[in-house]
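A.B. asks: Below you'll find the structure I mean.
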Amino acid sequence: MKRLHFDEINSTNTYIKKEYSNLDNLTFVSTNFQSQGRGRLSRQWHGNKGENIMFSYLIKDNSLISNYSYISMFNAALVVKYLESLGLNNVSIKWPNDVYVNDKKVVGILLEGKIPSYIVVGIGLNLNQTNFDNSVLRHPASSVKLEKPDFNSTSEVETKSLINLICSFWIAFRGEWNVFDDFIKKHNYLLNKRVKVDLINENIEGTVVDIDVECNLLIKTDKEIVKINSGEIQIL
Ligand code: BTN
């Protein structure tokens, strides 16, 4: 594992995308501040300097790249495990890869890449920040500090520990793509919620009934059970 750290950078995802051919598999790039932090669907990702965890890492291993949807859910699952290890309760995955604590978004994950060459996984975790302007955010945001006021640690210490958790997981990984099956099912934030999904040719409305072994979201509509493998979920 290699780690590069920048006091400030435009975006750790952008950095890895530009430099991927010069970087090794499992290179982590962290920062205290991003001037052009990016979220999913061309949104922005903001955070106060030095208060949060923000890093990206590079996956170049072929056997992993070909399992894109698992990579996305596995990162969310690893982050849930990490938050639970800090003593947080009611932590869950909002499919495909946000992490919620007590109904509020604490973590966003952005996967980008050029398959089959590489995948960049970018993780933004609100740690010690306590001010969020929820009037401009699509989902109410929170942080570890807000959800657990006796939490007392720095973003550097916690960045190291989350990076270690993720890195050791992948180093030990031998293609057991079912390791998180039960864990993901048990931590499905959307389970039993009414949702709407805008797909290219149609809109689907129904109740979330499961996440299957291939990490698809299963939605029960009036007529059938629909399998969703990408898309933006709106809770009704
Ligand atoms: C989302 O919820 O839309 C995903 C947010 C991802 C934010 C992280 S912070 C580190 C990495 N660099 C970026 O520019 N974005 C990701």
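The values are calculated or read from the model by the stated rules, or taken from the named source; none is laboratory data. No experiment lies behind these values; they were computed from the predicted model shown. Backbone-built Cβ (ideal geometry, glycine too); neighbour counts: all protein chains shown. For accessibility, only protein heavy atoms count, side chains too; no ligands or nucleic acids. Shrake-Rupley method; radii C 1.70, N 1.55, O 1.52, S 1.80 Å.
A.B. asks: I'm checking my understanding of the structure. Among residues of region 190-212 that are modelled with pLDDT of 90 or more, on the phi < 0 side of the Ramachandran plot and outside any strand (DSSP E or B), which one is least open to solvent (accessible area, probe 1.4 Å)?
C.D. replies: Among residues in region 190-212 that are modelled with pLDDT of 90 or more, on the phi < 0 side of the Ramachandran plot and outside any strand (DSSP E or B), the one least open to solvent (accessible area, probe 1.4 Å) is L190.
A.B. asks: Same structure again: Taking into account only those residues within region 119-142 that are touching a helix residue (DSSP H, G or I) at 6+ places or on another chain (Cβ under 8 Å) and farther than 19 Å from A76 by Cα, which is most open to solvent (accessible area, probe 1.4 Å)?
C.D. replies: T130
A.B. asks: Ok, one more. Looking only at region 1-20, which residues are without any contact (Cβ under 8 Å) to a residue 40 or more places away in the chain and farther than 20 Å from K160 by Cα?
C.D. replies: Passing the criteria: N10, T14, K18, E19.
A.B. asks: Restricted to region 1-26, and to residues that are of a type in the set (D, E, K, R) and under 13 Å from F55 (Cβ atoms), which residue is least open to solvent (accessible area, probe 1.4 Å)?
C.D. replies: The selected residue is R3.
A.B. asks: Moving on to the next point. Please determine whether any residue of region 27-36 is touching a residue at least 40 places away in the same chain (Cβ under 8 Å) and crowded, with 22+ Cβ neighbours inside 10 Å.
C.D. replies: Yes.
A.B. asks: Would you confirm, using the coordinates I've provided, whether K145 is among the basic types (K, R), surrounded by 12 or more Cβ atoms within 10 Å (Cβ to Cβ), within 19 Å of A76 (Cα to Cα) and away from the ligand (no atom under 15 Å from the Cβ)?
C.D. replies: no
A.B. asks: Can you tell me which residue in region 39-70 is surrounded by the most Cβ atoms within 10 Å (Cβ to Cβ), limited to those that are of a type in the set (D, E, K, R) and touching a Phe, Trp or Tyr at 6+ places or on another chain (Cβ under 6 Å)?
C.D. replies: K60
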